[in-house]
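Working notes, beginning with the structure itself.
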Amino acid sequence: MRTPTASYAVSVAEGCFDQLGEICREAGLRGRAFVVSDTAVGPLFAQRARAALDAGEYAAEALLIPAGEEHKTLATVEMVYDWLIEHRVERSDFVVCVGGGVVTDLGGFAAATCLRGIDFVHVPTSLLAMADAAIGGKTGVDHPRGKNLIGAFAQPRAVIIDPLVLRSLPERHLRNGWAELIKHGLILDEELFRDLENASVEGPPMMSAELIARSVAIKAEVVSDDEREAGRRTLLNYGHTIGHAIEGVTGYSSYLHGEAISVGMRVAGQISKELGLLSDDDYARQQALFRRFGLPETAPGLSVDALIDATQSDKKVRDGRVRWVLLEGLGNAVTRDEVPADVVRRAVESAVEG
């Protein structure tokens with residue numbers, strides 16, 4: 001993967017987890033390795049990561065942070081800082097983020113800001129992190145007023161994606177991850193969307209290295225063109241305006257990220273349809289695919305006003321106006337910042353009352 005500020009390898013292959021040390025050597029990393037994982041994933045993979053690093057002749061330490069989006073905060077970042085500094089971290093050392101989206105976002109941010117920046121490597125262990133959080137160099141934490149409002153753009157030195165680790169995930173978390181792959185097809189690759197439709201006729205393909213790699217390639221190509229979300233990268237936020245609002249309003253405790261953006265994509269799809277951008281048939285295909293993968297279409301009982309108010313804290317707001325990512329047909333996302341308020345309200349109402 002190449003961006004204006006970095007070039008690094010993204011490995012997608014069964015069994016590559018155990019090549020972690022070798023891949024780090026190939027990436028030119030030379031110092032000590034500091035493994036950051038969480039209390040859910042760490043017992044499964046932290047020691048395995050240390051063993052792989054040991055095979056690459058790295059001295060390695062490990063820290064487990066509390067698991068869960070509610071711990072994606074500056075207080076947890078401070079915990080990582082304290083640990084690194086207690087171990088006398090140096091600029092030649094590097095962090096290895098082993099976990100889902102919280103670990104990759106938070107661990108990457110801690111590395112990007114400790115000693116004004118040390119190197120880091122992502123080893124995502126959830127499908128969502130493989131398709132989204134580990135790719136593209138967005139790092140950060142949540143703020144009480146909104147998701148991912150504090151952070152930095154910083155590219156990893158390597159990303160290691162081993163689909164075999166997904167065997168450890170509960171089914172809900174697997175389904176959650178497919179929301180991002182479906183999104184990539186919806187916004188930029190109609191062929192991927194069709195292949196997801198075909199592959200899920202007899203049930204969703206929960207662990208497909210080929211589909212994961214294609215999704216990763218889509219995001220990598222977008223980020224390579226627009227590293228800091230000044231233009232085209234904004235399209236990756238399809239469904240995220242309302243999705244992030246749902247997560248924030250519910251205190252990051254009721255909906256997984258993919259579940260929330262699935263509902264958000266329903267809202268964005270309905271807005272697209274009402275504005276005449278998306279046909280009824282294409283909208284129906286979008287929703288049918290969400291149902292095949294067991295993703296929610298509604299968030300019953302939430303306050304319409306609270307969700308709409310939360311969109312004003314979205315990072316895509318410009319001059320007080322929400323910049324919506326919409327669909328102008330499958331595989332063709334566009335942005336609009338003058339969506340009538342009544343259109344937005346009707347779409348949100350249908351998602352919380354439907």
Between the range 236-260 and the range 33-83, the alpha-carbon center distance in angstrom:
25
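What number, in percent, do you get for the relative contact order of the range 57-202 if the mean sequence gap of Cα pairs under 8 Å and at least 6 apart is divided by its residue count? Don't skip to the end; give the middle numbers.
Details: 213 pairs, mean separation 27.6, N = 146.
Relative contact order of the range 57-202: 19 percent.
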For the chain, what's the relative contact order in percent, using C-alpha pairs closer than 8 Å and at least 6 residues apart?
16
Whole-Å distance linking the alpha carbon centroid of the range 291-354 with that of the range 132-172 is 23
Using a Cα distance threshold of under 16 Å, what count of lysine pairs results for the chain when pairs must be 8 or more residues apart or interchain?
9
Accessible solvent surface per residue of the chain, calculated while the other protein chains remain in place, 1.4 angstrom probe, Å²
40
7 Å from Cα along Cα→Cβ at both ARG228 and ASP280: what's the point-to-point distance in nm?
4.6
Debye, to nearest 20: dipole size of the chain, +1 on Lys, Arg Cβ, -1 on Asp, Glu Cβ:
480
Assigning unit charges at the beta carbon (Lys, Arg +1; Asp, Glu -1) and nothing else, what dipole magnitude in debye, to the nearest 20, does the range 246-354 show about its Cα centre?
280
Apply 1/(1 + (r/R0)^6) to the Cβ-Cβ distance of GLU210 and THR335, taking R0 = 22 Å, and write down the FRET efficiency to the nearest 0.05.
0.15
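How large, in percent, is the carbon and sulfur part of the accessible surface of the range 71-209 at a probe radius of 1.4 Å? Walk me through the intermediate numbers first.
Numbers: 2410 of 5020 Å².
Of the solvent-accessible surface of the range 71-209, carbon and sulfur hold 48 percent.
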From phi via Karplus (6.51, -1.76, 1.60), per-residue ³J(HN,Hα) for the range 149-165 in Hz, x at Gly/Pro:
7, 10, x, 8, 7, 8, 8, x, 8, 6, 10, 10, 10, 10, x, 5, 5
Farthest towards the positive end of the dipole of the chain, among VAL98, SER254, ALA351 and with Cβ unit charges of +1 on Lys and Arg and -1 on Asp and Glu, lies the Cα of VAL98
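Roughly to the nearest percent, how much of the accessible area of the range 1-68 is carbon and sulfur, given a 1.4 Å probe? Let's see the in-between values first.
Details: 1550 of 3290 Å².
Of the solvent-accessible surface of the range 1-68, carbon and sulfur hold 47 percent.
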Calculate the spin-label point distance for GLU171 paired with GLU191, positioning each point 7 Å from the Cα along the beta-carbon direction, and give it in nanometres.
3.3
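The values are calculated or read from the model by the stated rules, or taken from the named source; none is laboratory data. In this text the structure is predicted, and so the values were computed from the model without any measurement. Positions of Cβ are generated from backbone atoms using ideal geometry, with glycine treated the same way; all protein chains shown enter the neighbour counts. Keep in mind that these areas ignore ligands, DNA and RNA; they rest on the heavy atoms of the full protein, side chains included. Shrake-Rupley method; radii C 1.70, N 1.55, O 1.52, S 1.80 Å.
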